[in-house]
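Structure record follows, encoded as C-alpha cells.
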Amino acid sequence: MNNDNSLPQIVSFANAYLKFEFGISPTLSSYMLYDDEKWQSLITAGKLPNGTEGFYLPRTNVAYLASMSPFLVLNLYHEFHGHGLFFEKSLLGREMAEKDRKLAEMEKEIIGLDSLSDGILKLDNKHPLFPKYLEVRRNLEGINSHSYKVVEGFAVWMEHFLSKKFNKEGLFFEKQREMKKRFKEKYKISEEGFRKFMKFENDMGKHWLMYQLGFPKKYTDEILVELLERYYKNRFGNIVFALLYDEKPDSDIDLFVVSNDRSHSYYNGWLDIFHLQIDEFIKRTGLFDIGVTDPLFTGRVVFGDSAIVEGFKRKVLDAEITQDAINYNIKRARERKEIAKKYGHRTREHENTSVCSHTYLMNAKELKKGKKLLIQADLRQKYGF
C-alpha cells in the first residue's frame, strides 16, 4: 500500500495525465482519509454497506477514503478522478451535483444550521420548505437510479484507465475480484456499466467516449482526425480533405468533409459533419453556394493537402458569376423557406432555417451585383441579420 504522504504526488501525476489526454482534470474536488475506527463510524452513520472503502459526495466535491485499504490508490482513481471529474465537468454530472447542492442548502434551512454534519439527517416534515425539498429529492433520486450504471461505469472505467497508465492494472483486477465477493448484485451493475464503456472505447475511442458523456471538448487536430477515423472506419481513406469551421471554445465540433463517397450529413449532439461528394462539392462551389463556400473559406485544414484546398479557393475567386448561380441561390432560399414552415415558430429549427433562407437570398442579391462575399458572417453583417 502507498504511504498517505505519497497521495498528493499520485494525484498530481494522474491530473497531469488527464490534462494531457483530455485537457481537463478535477479542479474543485478534494479527498479525505480516515483510519479504520473513524471510517467505520462514518459508514455506519451514513448507512453505507459494510466493505465500502470510498465514496464521493457531489454536494461537497469530496472523495472520502479508507486510508488502510490495500486498494487506496485505485479507490482514489475511482472516487476522486472518476466521480470527481464526472460531477465537476460532465453535463449530467454537473446537473446532478447542482441538485445535490440545492438539497444541502434546503436541509440546512429546514434544520436551522449553517453547515451539515456527517450522518443521517432528521428533517421536520412540517417545515414549509419540506414539500419542495421532497420534490427536489425525488427528482434527484430518479436521476440517480436511471443514471447509476453510467455514473458508476464511468468511475470504474476511469479507475482502469489510470491503473493502466501507472502500472496498477493487475491490482485493478484483483480489486474487482474482491468487490465481486463483497457486493455481488451491486457489483454486477457497475461491472456491466464498465464493460459497456470498455466496448465503446474500443469501438469509438476514448475521446469520443468523453465527448459523448458531455465533457468539455479540448482537442488537437490529431484528435479530430481520430474522430473521423472512428466514424468513417474503412471509408476514411476516401476523404479528400476535412476542415474545422465555426470553431468556438467547448462548443459542437463542426467538420466539413469532401470525399469520394456519396454526400450525407451526421450530427450526434456534439459532432456535426457536413459531408459532400467531391463532384457535388465542385458543382456547388461553382454556383457560389454560400453553405459550401463559407466552410471552405473560414475553415482550417485538419486532414488532407492544404494546397488542394487553396486551389479550390482560387478557382472560386476566379470563377465567373453566371445567371445559373444567381438562380440557384434564389432556389435554395425558397427551399429553406418552405422547410422553415414545417417547424413551429420561435423554435430553434425555424429560426436557423429561416436565417439560412435569408442568407441564400442575400447571397443571390450580391451575386446579381457582381460581388462575391462567400462567407455567411460577411453577408449577415452587411444586411444586419
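The values are calculated or read from the model by the stated rules, or taken from the named source; none is laboratory data. Treat the numbers as computed from the prediction; the structure is a model and nothing was measured. Here the Cβ is made from the backbone with ideal geometry for all residues, glycine too, and neighbour counts use every protein chain on show.
Here are the numbers for this structure:
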read-out	value
Residue under evaluation Gln9, criteria (1) within 24 Å of the chain's Cα centre (by Cα); (2) outside any loop (DSSP other than H, G, I, E, B); (3) modelled with pLDDT of 95 or more, criterion not met	(1)
Matching residues, segment 316-332, being under 21 Å from Phe274 (Cα atoms) and surrounded by fewer than 18 Cβ atoms within 10 Å (Cβ to Cβ)	Val316, Lys331
Of the criteria (1) farther than 28 Å from Ile326 by Cα; (2) at pLDDT 95 or above; (3) part of a loop (DSSP other than H, G, I, E, B), which one Phe288 fails	(1)
Per-region count, segment 12-59, residues β-branched (Val, Ile, Thr) and over 23 Å from the mean Cα position of the chain (by Cα)	3
Those helices (runs of 4 or more DSSP H) lying entirely in segment 41-148 with at least 1 residues more than 21 Å from Gln9 (Cα to Cα), among the hydrophobic types (A, V, I, L, M, F, W, C) and outside the structural domain of Gly269 (by TED's automatic domain parsing)	84-89, 91-111
Unmet criterion (only one of (1) in contact with a Ser or Thr (Cβ under 9 Å, 6 or more places away or on another chain); (2) of a type in the set (Lys, Arg); (3) surrounded by 13 or more Cβ atoms within 10 Å (Cβ to Cβ)) for Lys19	(3)
Test: residue in segment 201-219 that is at pLDDT 95 or above and among the small types (Gly, Ala, Ser)	yes
Selection count, segment 206-247, where residues are small (Gly, Ala, Ser) and surrounded by fewer than 20 Cβ atoms within 10 Å (Cβ to Cβ)	2
Of all residues in segment 286-308 being surrounded by fewer than 20 Cβ atoms within 10 Å (Cβ to Cβ) and among the β-branched types (Val, Ile, Thr), the one that is farthest from Tyr211 (Cα to Cα)	Ile308
Inter-residue pairs, beta-carbon under 8 Å, first over 20 Å from Gly269 (Cβ atoms) and modelled with pLDDT of 95 or more and in segment 88-113, second assigned to a helix (DSSP H, G or I) and charged (D, E, K, R), 6+ apart	Glu88/Arg94; Ala97/Glu88
Sole exception among (1) touching a strand residue (DSSP E or B) at 6+ places or on another chain (Cβ under 6 Å); (2) farther than 20 Å from Leu91 by Cβ for Asp254, by number	(2)
Filter pass, Tyr64 being within 28 Å of the chain's Cα centre (by Cα), surrounded by fewer than 18 Cβ atoms within 10 Å (Cβ to Cβ) and not aliphatic (A, V, I, L, M)	no
